[in-house]
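J.: First the structure, which I've put down as structure tokens, then a few questions once you've had a look.
The values are calculated or read from the model by the stated rules, or taken from the named source; none is laboratory data. Here the structure is a predicted model, which means the values were calculated and not measured. Positions of Cβ are generated from backbone atoms using ideal geometry, with glycine treated the same way; all protein chains shown enter the neighbour counts. The accessibility values were calculated without ligands, DNA or RNA, using every heavy atom of the protein model including side chains. Shrake-Rupley method; radii C 1.70, N 1.55, O 1.52, S 1.80 Å.
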Amino acid sequence: FGQSVSISGSYAIVGANEEDTTAGNSGAAYIFERAVDGTWTEKQMLKASNVGANDQYGLSVSISGSYAIVGAVGEASNGTDPLNNSVGGSGAAYIYERNIDGSWSQTQMLKASNAGKYYQFGISVSISGLYAIVGARWESSNGTDPLNNSAGDSGAAYIFERNIDGTWTEIKMLKANNLSASDEFGNSVAISGSYAIVGAYLEDSSGADQTGANDSGAAYIFERATDGTWSQTQMLKASNLSASDYFGWSVSISGLYAIVGARWESS
């Protein structure tokens, strides 16, 4: 409990990815609400509709207004059939919506359009208004062909948009413009309005050129254009980058500002 946390206004969500009341390490998430007197009370425990052992539901969580999203990296369905565990570790994310009576209901299970074994879709999640982003740090396609697994563990992130009827649709798979095997792009994600940021903590370039800083890490900014398309606008590197800094291990974005964590920076 506390593996992942997020807060928005009077609501907070906490993930517990090894909660096992239903099945071993199936996971759970908990919604808390702030009362008028300032106290916080647990309002609801969330579980996946297709809960399964070792799904690790709750490893990542995010909340924004009346919507929440929970990642489950170990979820193993093939995408078309949520009970058919034919793609081990493909991962899933679950959308929740707050009802008029204050309860929260699961409205959709999200899967990557190219769900693959051990992609870990749901390792990171973020939601903002009508948009959500989900990271899959071990996605292995080469970018031009999402079914061509020629860039092992390069990683990907997926943008979803809420439709008028309340359903969520994947509108874009994001890949780094300098993708390379084992970068783990998507280990961290965040979205705010028209901007998103994705971390790739094992990215190896020095910034000025593409060699010389093993696992220094990077983060990538994406922007939504007026036609609704998302494009990478910048790759961020630390000003004092060094090998094994893991810059991009964590990311957050809000309005015109972003922050990137480098957990092994040593200066």
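J.: Between SER244 and SER113, how many nm apart are label points set 7 Å from Cα along the C-beta direction?
T.: Calculated label separation equals 3.9 nm.
J.: Where the centroid of each part is defined by its Cα atoms, how far is region 1-68 from region 83-109 in Å?
T.: 12 Å
J.: Between GLU161 and SER10, what is the spin-label point distance in nm, taking each point 7 Å from the Cα along the Cα→C-beta axis?
T.: Going by the 7 Å Cα→Cβ label model, 3.2 nm.
J.: Let me ask another. Taking all protein chains as present, what is the carbon and sulfur share of the accessible area of region 127-267, in % to the nearest whole number, probe 1.4 Å?
T.: 49 percent
J.: Full-extension gain between PHE1 and ILE100, please, as 0.36 nm times their residue separation minus the C-alpha to C-alpha distance.
T.: Taking 0.36 nm per residue and subtracting the Cα distance, the gain is 32.9 nm.
J.: Here's another thing I want to ask about it. For SER206 and ARG34 in the same chain, what is the full-extension length gain: residue separation times 0.36 nm, less their Cα-Cα distance, in nm?
T.: Value of the extension gain: 57.4 nm.
J.: Now, a different point. Taking every DSSP beta bridge that has both residues in region 25-130, what percent is antiparallel when rounded to the nearest 5?
T.: Bridges in region 25-130 that DSSP calls antiparallel: roughly 90 percent.
J.: Quick one, which of (1) 149, 33, 30; (2) 88, 55, 36; (3) 55, 45, 40 is the actual Cα extents along the principal axes in Å calculated for this model?
T.: The calculated read-out lines up with (3).
J.: In nanometres, what is the gap between the two model label sites at SER49 and ARG263, each 7 Å from Cα along Cα-to-Cβ?
T.: Taking the simple label geometry, SER49 and ARG263 are separated by 3.2 nm.
J.: Taking only Cα atoms and a 10 Å spring cutoff, compute GNM fluctuations for the chain and point out the largest among ASN149, ASN54, ASN99.
T.: ASN99
J.: Additional query: With Cβ to Cβ distances under 13 Å as the rule, what net charge do the other residues near ALA262 carry (K, R +1; D, E -1)?
T.: Summing Lys and Arg as +1 and Asp and Glu as -1 gives -2.
J.: Another question, then. Name the residues of region 178-201 whose amide N is less than 17 Å from a point 7 angstrom out from the Cα of SER254 along the C-beta direction?
T.: 189-197
J.: Given a 10 angstrom Cα cut-off, can you work out which residue in SER90, SER242, SER128 is the most mobile in a GNM of the chain?
T.: Of SER90, SER242, SER128, the most mobile in the Gaussian network model is SER242.
J.: By how many nm would the segment from THR169 to ASP227 lengthen if fully extended, with 0.36 nm per residue of separation less the alpha-carbon distance?
T.: That pair, THR169 and ASP227, stretches by 19.3 nm at full extension.
J.: Please identify, among VAL125, VAL70, VAL36, the residue showing maximal mean-square fluctuation in a Gaussian network model of the chain using a 10 angstrom Cα cutoff.
T.: With Cα springs under 10 Å in the chain, the top fluctuation among VAL125, VAL70, VAL36 is at VAL36.
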